[in-house]
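See below for the structure under consideration.
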Amino acid sequence: MPEEYLVFKGGIYMELVNKGTECPFLCWSCRKKFFSFDCPHNSIPFFDTILFEKLIQTMIKKATQIKTDGKLVSARPAVKAEIPGTIFLAKENAGCPKADVLVKEGDHVNLGQTIGMRHASGYDEPILATCSGTYSGLEKHYYRNGKLTNFLKIENDGLDTYDESVRERSDEDIASLSKEDIIQILKDRSVTGLGGSSFPTYVKLDTGKNIGTILVNAVECEPYVCADSLLIRDEFDSVVGGIKTVMQALDCHDARICIRKKDVDLMNFCISGLNELGEHDIVVCPVKNFYPQGWEPALIKSALNLEMEEGMVPEDYGVMSFNVSTFWAIWKAVKYNLPVYERYVSVSGDGINTPTNFIARVGTQASSLIGQCGGFKGDKDKIVVLGGPMSGTSIQKDDGIITKGVACLYVADSVEYKEETCIRCGSCVMSCPVHLQPVSIMNAMKSMPVDKDKVKQLEPLKCIECGLCTYACTCGINVMDYVKRAKVVAKLK
């Protein structure tokens with residue numbers, strides 16, 4: 001082994017310095033001590049325990065500090081996107097595999113009208129029209145999970161005629177709402193998590209546990225995305241209204257707006273706004289600067305210094321968190337009885353001419369927003385990602401739909417990476433926030449036939465699909481793709 005072994009690729013440095021064989025070998029993958037090269041992982045041995053631990057921390061830091069040119073889009077204010085002539089609303093989604101359509105082809109529908117009902121195990125989720133016009137049947141398009149899905153097609157009449165259910169409530173009426181009233185409103189208006197989960201908010205609120213702290217997730221750690229920070233600046237009063245509504249429903253008196261420490265301007269803006277509104281039960285809570293800080297367990301640890309045990313949920317600790325955009329949607333539902341008919345979307349990346357932040361109508365095709373950004377930049381093939389570049393899903397061409405859970409449309413030039421043989425460096429293992437062994441999962445999926453029991457033992461279902469394993473890989477391997485496929489295998493009986 002040479003005195004120095006240096007590898008640089010994918011943003012990760014690994015420097016292995018031979019300090020002598022008097023120290024026991026350490027496996028780079030599992031960090032266990034061996035007194036020979038006979039490690040079950042067959043990985044590169046390491047000689048110096050102290051240096052090894054320091055290097056691990058450096059690796060993790062570099063893997064979780066994602067490079068981004070956020071200035072491309074963050075400096076641009078949000079503009080109203082053109083409302084397309086045709087709106088598409090998903091019939092089924094990842095959480096609701098079954099659905100009923102409640103209107104017939106040719107029927108006129110109004111904005112806010114219930115036109116369908118999705119069904120999941122344990123809950124239902126209404127489908128509400130996001131424009132007025134004529135329902136013209138089903139059409140397949142790409143959903144944000146990358147799968148072709150049936151979408152309800154509405155020919156927009158351009159009038160935005162509200163359904164009779166849309167009405168404004170007075171502040172007095174809102175103050176008198178019970179927890180059950182608020183839950184019913186959020187169910188009827190189909191408010192779901194806008195941070196990406198798309199889980200129905202009414203189901204989350206319907207808890208019998210005492211909630212002492214509410215966390216407002218305004219971290220936005222995904223690179224090239226600034227939809228939430230712009231929403232806060234444009235709709236701060238509505239966000240606070242949504243926070244107060246949830247506090248009212250849960251009888252909670254401690255809410256914390258969680259913002260990364262480096263976003264000083266945004267923190268100061270929120271502090272100033274809370275002071276002007278005279279809010280004392282809502283405070284700004286600085287959290288760490290890393291990816292994926294927006295992941296709920298990581299957010300809770302940073303905000304409350306609380307380590308969640310495996311198998312527990314935040315409610316078990318008296319904590320509940322929502323994305324900041326969800327609070328905006330909650331207020332729109334409670335105050336005006338409106339559904340989530342529009343949302344903030346960042347269209348960014350080096351593959352489009354003019355990165356832009358939009359307030360886009362839910363149901364807009366990705367191609368429409370790309371066109372309003374001046375189209376694709378250059379003649380190279382493009383990669384279009386629904387969601388952020390780390391955790392989003394690439395789709396074929398630009399035939400994707402902006403659903404409630406899509407905060408970003410990322411466009412990049414297609415680059416062909418040469419996938420090299422895994423060198424067992426352990427970058428993916430050290431970077432994984434849920435402490436999986438992505439390299440072992442990958443190898444299990446590569447072996448034919450796939451051993452289903454072995455895959456299940458590696459617990460791929462814990463994966464949060466943050467993309468760090470792929471980002472950290474020194475060999476250019478799309479590790480997360482193997483883990484995603486392993487999750488499918490692990491669900492098989």
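How much length is gained on full extension from Asp281 to Asp453, taking 0.36 nm per residue of separation minus their Cα-Cα distance?
57.0 nm
List every residue whose amide H lies under 5 Å from the amide H of Ile115, counting only residues 5 or more places away in sequence or on a different chain, with H placed 1.01 Å from N in the peptide plane.
Close amide H contacts, sequence-distant or interchain: Ile127, Leu128, Ala129.
Using the Cβ atoms and a cut-off under 14 Å, what net charge is assigned to the surroundings of Tyr142, where Lys and Arg are +1 and Asp and Glu are -1?
Charge balance near Tyr142 sits at +1.
What is the fewest-to-most order of Trp295, Trp331 by other Cβ atoms lying within 10 Å of their Cβ?
So the ranking, lowest neighbour count to highest, is Trp295, Trp331.
Show the residues, 5+ positions off or on another chain, whose built amide H is closer than 5 Å to the amide H of Asn323.
Leu194, Gly195, Asn217
Please arrange Leu89, Leu277 by how many other C-beta atoms lie within 10 Å of their C-beta, fewest to most.
In increasing order of surrounding Cβ atoms, one gets Leu277, Leu89.
Where both partners of a DSSP beta bridge lie in the stretch 171-336, what percent of those bridges are antiparallel, to the nearest 5?
Antiparallel: roughly 5 percent of the beta bridges in the stretch 171-336.
Val287's amide H: which non-local residues (gap 5+, or another chain) put their own amide H closer than 5 Å, with H modeled 1.01 Å from N in plane and none for Pro or chain starts?
Here Ile259, Arg260, Lys261 satisfy the definition.
Under 21 Å between alpha carbons: how many lysine pairs meet that in the stretch 142-275, if sequence neighbours fewer than 8 apart on the same chain are excluded?
9
Cut-off is 10 Å between beta-carbons; in what order do Tyr143, Tyr417 appear when sorted fewest neighbours first?
Details: Tyr143 24, Tyr417 11.
Placing the least packed residue first, the sequence is Tyr417, Tyr143.
Rule-based calculations on the coordinates, nothing more; no lab input. Given the structure is predicted, the values throughout are model-derived calculations rather than measurements. Positions of Cβ are generated from backbone atoms using ideal geometry, with glycine treated the same way; all protein chains shown enter the neighbour counts.
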